[in-house]
1. Where the convex hull is taken over the Cα atoms of the chain, what is its projected area averaged over directions, in nm²?
2. Give the order of 42, 203 when sorted by the count of other beta carbons within 10 angstrom, beginning with the fewest.
3. Order the peptides 209-216, 249-256 from the highest to the lowest mean number of other Cβ atoms within 10 Å of their residues.
4. Where does the chain land at 222 nm, in deg cm²/dmol rounded to the nearest 500, when only DSSP H runs of n ≥ 4 count, each adding -39500 (n - 2.57), divided by all residues?
5. Compute the normalised compactness of the stretch 154-225: alpha-carbon radius of gyration over 2.2 N^0.38 Å, N being the residue count.
6. Rank-order 182-188, 152-158 by packing density, defined as the average count of other C-beta atoms within 10 Å over each peptide's residues, highest first.
7. What order do you get for 172, 195 when you list them from fewest to most C-beta neighbours inside 10 Å?
8. Got a sec? How would 74, 271 order by Cβ neighbour count within 10 Å, fewest to most?
């Protein structure tokens, strides 16, 4: 179906798009470890350690994206999309879970033990661990009749049509989402990296506990609480959104921050699911 499109905003492409960019010769000499090491609109290729353009052709970006000024742009649609009740529509293009994934037997105080399928529910502990992989998350989504979100899909849902830096706005706020700063001793004050100066009882919280931690598409906890695994095809495990224990939440909680898994990182790994939905 051909649908009218408008309101473009730019999520970072999957590493697969970066590798495609390598084939077009868009390489510079800069060495990098993460995206912020690269100049301008260039991004860090996790395999080569070199700065490359995100894209040169629309085909570098994948379905639903176009390449403009070497940046992949997601295109919102005017049409509405029917999503399951536990999901929200992202620009009429796809659906994403309203809440971080949880087990069916999770409660407000327990993450549960039933690994059969993921659910999306408020007020329960999310499904997370220090060793969860995107493959395991994908299997739980498939069992629920959904699929694991891609990196661009996840970022588009977080940034919203307003292209926000965080799911809730453009300035880091230590109290809006579950961050390492959110539970600093009030007598000391709550501010960016207050945990370095005073006691902080930081911890994972039940889904949707922070009512203002919501994206423009009404999905909760996309910034903070637990990292969220996303689908990729570059052989590297990718996680987005940061977590409750990130030492630099102002960076890690950004919608565009790509947390590449290394030994022991990240330590609070969760996920949420996406689906294609049904056009109205």
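Since every read-out is calculated from the coordinates, none of them should be taken as a lab result. This structure is a prediction, so every number in the text was calculated from the model and none was measured. Here the Cβ is made from the backbone with ideal geometry for all residues, glycine too, and neighbour counts use every protein chain on show.
1. Working: hull surface 57.9 nm².
Over every viewing direction, the Cα hull of the chain projects on average to 14.5 nm².
2. On the way: 42 23, 203 12.
Sorted ascending by nearby Cβ count, the order is 203, 42.
3. Numbers: 209-216: 18.6, 249-256: 22.1.
Order by mean packing, descending: 249-256, 209-216.
4. Numbers: 4 runs with 32 residues, N = 280.
It lands at -3000 deg cm²/dmol.
5. On the way: Rg = 12.6 Å, N = 72, 2.2 N^0.38 = 11.2 Å.
Its radius of gyration relative to the 2.2 N^0.38 Å reference: 1.13.
6. Values: 182-188: 16.0, 152-158: 27.6.
Per-residue mean Cβ counts within 10 Å order the peptides as 152-158, 182-188.
7. Numbers: 172 20, 195 24.
Going from sparsest to densest Cβ surroundings: 172, 195.
8. Details: 74 26, 271 30.
Taking fewest neighbouring Cβ atoms as first place, the list is 74, 271.
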